[in-house]
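Read through the structure below, which is laid out as structure tokens, and then see the notes.
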Amino acid sequence: MILSSSINQSFIQCFISKTNSSQNIYTTNNISYNTVLQSSVQNLRFLTSPTTTKPTAIVTAATLADVQATVACSRLAGLRVRVRSGGHDYEAMSYVSSGEHFIILDLAKLSSITVDKDFAFAWVETGATLGELYYAIAKNNNTVAFPAGLCPTIGIGGHFTGGGIGTLMRMYGTAADNIVDALLVNSYGKLLDRKVMGEDLFWAIRGGGAASFGVVLSFKIKLVYVPPTVTAFNVIKNLRQNATELVQRWQTIAPKFDEKLFIRVLAQTADDGSNNKTIEAVFNSFYLGRRDELLSVMEKSFPELGLKAEDCTEMSWLESVLFFAGYSGRSVDILLDRTPEYNSSFKAKSDFVKKAISKEGLEKIWEFLLEAKDEPLTMIMDPLGGRMDEISKSAIAFPHRKGNLYNIQYFMRWFETDTVVTERHLGWMRKMYEFMKPYVSSHPRTAYYNYKDIDLGEGQGIYSADVVWGDKYFKGNFKRLAYVKGKVDPVNFFRNEQSIPPLSLYLSNTEI
Ligand SMILES: Cc1cc2nc3c(=O)[nH]c(=O)nc-3n(C[C@H](O)[C@H](O)[C@H](O)COP(=O)(O)OP(=O)(O)OC[C@H]3O[C@@H](n4cnc5c(N)ncnc54)[C@H](O)[C@@H]3O)c2cc1C
């Protein structure tokens, strides 16, 4: 859907009058429009889908003035703004819409990182990637790190505002737990820091997403200590090697391990070496300490896994980022490469598990996976516990704390562009999600906001009474998020298919 040129023109004229330049604007007439649109897109299916609305223009902001002008001029021209930092949104909400006309405010050029001289804090602009951040803080000091996600090309903007879980969460919590200040442009184009925005809004953008509240320009974060040497390992077991018993046991012990130990499980179908399909459980892990210490911790905590010295590799924390990203052996400079690596499409869903799944339950899940044909799903199971249990459910908007054993992400990637294949995969994912219902959290069945899933309910909550997704992502924090939204953006300027509705509208649609 292309917008009338007069609206586009009024946006452009307004933008030029405020910034004296149109250099960073790409409309559909510009030959670079498609290249700029695709620059950070990971999930190709949304670019080829005939039902999505593409941006009427893209602004590649290089200054605060560009950001403020984009907000003010979009509003004036009757357009919406979709902010894009790293472009990893699972439902593409940063670069396409399901009908609304909008401008992409792309922040990739706003990516500076300033680490203070004591390595205690850093300011990071939200257009930076996790890889750039990890590199900047740890390249010259192997005892500092930051607790956030595993994929280096993820943008700070979407990731930190949705929570941010990763290998250090059991020791230090989520990325959002370690934010101490922020700079945000609100719906009136004003720049606010923590003091000026107030604690309600500062609370909301740490886990509640920022797409409903404004444009976060930068975050001040607290850096954390890591030992100079950490130890990583993968142990892979299939069904003939007791994978089921090991996963069953892992569920209850992994959230209670020493906080320095992070063992996640990737479960997927594989060939057992004799042309038979099996389930393979990859125990994808690291320990904040040396190999000998790890071996003695494992001997006490999880001897059944049979970890051996030769399974383990000592490395710096920065190198462990490469290990988890699948870049082992490469130079750490690869963390500075922002190019999307996979030319593919994907779909994800998520659950939290509060009660360990029985052996019989796991066997049924494996059976379900083994019966599927050409459905390349991985169940990524990340243990919680440790620091995650100590932080209260309402300390920030991210609510998934004590009482949860682990998170499951169901993740499927495919390379075919055919819509029939895409629809088949999406349909099968929905079946898988339905199948998992008895084994996971309920009332509400919770989900992780950063693993956005449009099947949980579309609609902005203002036009539709369906705000079921709100309780799933945010539990008891949803109402406070809606209250903050009502206070800072009552006209709902910043919105997308799953944005927080202002409280007045929320009240008119639901009983709370
Ligand atoms: C391959 C892959 C691996 C992943 N691994 C992990 C992981 O290990 N741990 C984890 O927790 N998550 C993980 N995620 C999920 C990821 O955290 C989310 O998709 C996150 O929202 C991506 O942020 P982004 O800036 O890259 O995305 P974008 O698509 O740019 O933005 C996501 C959302 O945030 C909004 N937004 C972005 N920047 C701003 C801003 N500056 N101000 C206001 N709103 C903004 C956008 O409008 C959009 O709604 C992964 C995703 C992918 C695709």
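What follows is calculated from the coordinates using simple rules that are stated; it is not laboratory data. Since the model is a prediction, treat every value here as computed from it, not as a measurement. FYI the Cβ positions are ideal-geometry reconstructions off the backbone, even for glycines, and counts take in every protein chain you see.
G329: net charge of surrounding residues, Cβ under 15 Å, Lys/Arg +1, Asp/Glu -1, itself excluded?
Working: positive: R330; negative: E314, E319, D333.
Within the 15 Å Cβ shell, the charges total -2.
Quick one: Cα centre-to-centre distance for the range 415-437 and the range 282-351, in angstrom?
Value for the Cα centre distance between the two parts: 29 Å.
Could you tell me what fraction of 2.2 N^0.38 Å the Cα radius of gyration of the range 184-272 comes to, as a two-decimal ratio? Mind dumping the intermediate values first?
On the way: Rg = 21.6 Å, N = 89, 2.2 N^0.38 = 12.1 Å.
Normalised Cα radius of gyration, the range 184-272: 1.78.
How would T174, T28 line up from fewest to most surrounding beta-carbon atoms within 10 angstrom? Please report the intermediate quantities before stating the final value.
On the way: T174 29, T28 16.
Going from least to most buried by this count: T28, T174.
Using a simple charge model, +1 on the beta-carbon of Lys and Arg, -1 on the beta-carbon of Asp and Glu, nothing else, what dipole does the range 402-454 show about its Cα centre, in debye to the nearest 20?
On the way: 8 positive and 5 negative charges, 61 e Å.
Approximately 300 debye in magnitude.
What's the percent breakdown of Cα-Cα distances in the range 5-106 across 10 Å bins, shortest bin first?
Here the calculated profile for the range 5-106 is 16, 53, 28, 3.
Just the number, please: percent antiparallel of the DSSP beta bridges in the range 75-173, rounded to the nearest 5. Don't jump to the answer; show the numbers that get you there.
Values: 4 of 9 bridges.
That works out to approximately 45 percent antiparallel.
Would you mind counting up the charge near D418? Only other residues with Cβ under 14 Å from its Cβ, with Lys and Arg at +1 and Asp and Glu at -1. Before the final figure, lay out each step's value.
Values: positive: R45, R424; negative: D374, E416, E423.
My count for the surroundings of D418 gives -1.
Straight distance only, please: which aspartates and glutamates reach the Cα of K222 with their own Cα at less than 17 Å, same-chain residues fewer than 8 apart left out?
Straight-line reach from K222, under 17 Å: D116, D118, E125, E132, D177, D181, D193.
Round to the nearest 10 and give me the degree value, 0 to 90, for the angle of helix 419-436's Cα axis relative to the longest principal axis of the chain.
Relative to the chain, helix 419-436 is tipped by roughly 60 degrees.
Please give the FRET efficiency for S328 paired with Y225, using the beta carbon to beta carbon distance and R0 = 22 Å, rounded to the nearest 0.05.
Numbers: r = 24 Å, r/R0 = 1.09.
Plugging the Cβ-Cβ distance into 1/(1 + (r/R0)^6) gives 0.40.
Quick one: pull the percentage of alpha-carbon pairs in the range 113-225 with a separation above 21 Å.
Values: 1857 of 6328 pairs.
In whole percent, the long-distance tail amounts to 29.
Which net charge results for the neighbourhood of G486, defined as the other residues with beta-carbon distances under 14 angstrom from its beta-carbon, given Lys and Arg at +1 and Asp and Glu at -1? Display every interim value, and only then the final one.
Working: positive: K479, R480, K485, K487, R495; negative: D200, D489.
For residues surrounding G486, the net value is +3.
Using the basic label-point model (7 angstrom from Cα toward the beta carbon), what is the N20 to I391 distance in nanometres?
Output for this residue pair reads 4.3 nm.
Could you sort out which of K18/K109; K277/K472; K139/K349 sit more than 27 Å apart by Cα distance in this structure? Walk me through the numbers before you get to the answer.
Details: K18/K109 19 Å; K277/K472 34 Å; K139/K349 34 Å.
Checking Cα-Cα distances, K277/K472; K139/K349 exceed 27 Å.
May I ask you to derive the FRET efficiency for E304 and N34 from their Cβ-Cβ distance with R0 = 60 Å, giving the value to the nearest 0.05?
Values: r = 52 Å, r/R0 = 0.87.
Efficiency at R0 = 60 Å is approximately 0.70.
Based on alpha-carbon positions alone, could you give the equivalent ellipsoid semi-axes of the chain from the gyration tensor, as √(5λ), descending, whole Å?
Details: eigenvalues 278, 132, 100 Å².
Each semi-axis is the square root of five times an eigenvalue, giving 37, 26, 22 Å.
Counting alpha carbon pairs within less than 8 Å and at least 6 residues apart, what relative contact order, in whole percent, applies to the chain? All intermediate terms of the calculation are to be shown ahead of the outcome.
Working: 1090 pairs, mean separation 78.5, N = 512.
Computed over the chain, the figure is 15 percent.
Please name which of T129, L64, L76 has its Cα lying farthest along the dipole of the range 1-135 towards the positive end, using unit charges on Cβ (Lys, Arg +1; Asp, Glu -1) and the Cα centre as origin.
L76
Here are some pairs, K260/K402; K308/K431; K308/K452; which of them have Cα atoms lying more than 28 Å apart in this structure? Don't skip to the answer; put the middle values down first.
Numbers: K260/K402 18 Å; K308/K431 39 Å; K308/K452 38 Å.
Over 28 Å apart, Cα to Cα: K308/K431; K308/K452.
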